[in-house]
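A quick write-up on the structure given underneath.
Here, each number is a calculation from the coordinates, and none is a lab measurement. The structure displayed is predicted, hence computed values, not measured ones. Neighbour counts are summed over all protein chains in view; Cβ atoms, including those assigned to glycine, are modelled from backbone coordinates with ideal geometry.
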Amino acid sequence: MDFIAPFLNFASTAVVAILAASLGWWAKKTDWKRDIYRQKVAMRQRLYADFLAETDRLILKSMDEKSSQVGGFHPMTRYFSEIELLAAVPVVNAAKAICAIILESHSVAPQSTATYAELKAAFIIAARKEIDEYER
């Protein structure tokens, strides 16, 4: 009988320790996932804002003068490449349409019927939807 009481004491302590370790691991994993989602949202918000700022600059530039140098489009294509790597398909497609109209706006005779404002609005809707999915 003297052996059973210490054994039960040890067993109950071991069970509590295992439960505490499991809960600690689960809480750390949950915090880690939450931090990753927070970083993904912040990164996408910054990327999308930078992309839109660059395309705004290029569309305004096209109203003043047409760019004949390909190097002037490098920042936009860099942002677009990042979007292609990170974003969901609807966001990529909206960004692709914006890039196409930007390049066309610098041509001598633009042919597109879509407007930059419409494409920008579609991009913003797609980007907000993607970011909202991360925030859930």
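How high is the relative contact order of the chain, in percent, with contacts defined as C-alpha pairs under 8 Å that are six or more residues apart?
Contact order relative to length: 27 percent.
Starting from the Cα gyration tensor of segment 1-94, take the square roots of the eigenvalues, sort them a ≥ b ≥ c, and report rounded, prolate or oblate (rounded when a/c is under 1.5, otherwise prolate if a/b is larger than b/c, else oblate).
prolate
Compare Ala97, Ala88, Ala21 in a GNM of the chain, Cα atoms joined below 10 Å, and give the one with the largest fluctuation.
Ala21
Working out 0.36 nm times the residue gap between Ser12 and Asp64, then minus their Cα-Cα distance, what length gain in nm do you get to one decimal?
This chain segment gains 10.9 nm when fully extended.
So how far apart, in nm, are the two label points at Ala20 and Ala5 if each is 7 Å from Cα heading toward Cβ?
About 2.3 nm, to one decimal.
Where Rh is the Kirkwood radius over the Cα pairs of segment 38-135, the temperature 37 °C and the viscosity 0.692 mPa s, what D in µm²/s does Stokes-Einstein return?
Once the numbers are plugged in, D ends up at 239 µm²/s.
Determine the calculated [θ] at 222 nm for the chain from helices alone, applying -39500 (n - 2.57) to every DSSP H run no shorter than 4 residues and normalising by the residue count; nearest 500 deg cm²/dmol.
The helix contribution divided over the chain gives -29500 deg cm²/dmol.
Reachable lysines from Lys66, Cα under 30 Å, same-chain residues fewer than 8 places away excluded?
Hits, sequence-local ones excluded: Lys96, Lys120.
Which of His106, His74 comes first, and how do the rest follow, when ranked by fewest Cβ neighbours within 10 Å?
Starting with the residue having the fewest Cβ neighbours, the order is His74, His106.
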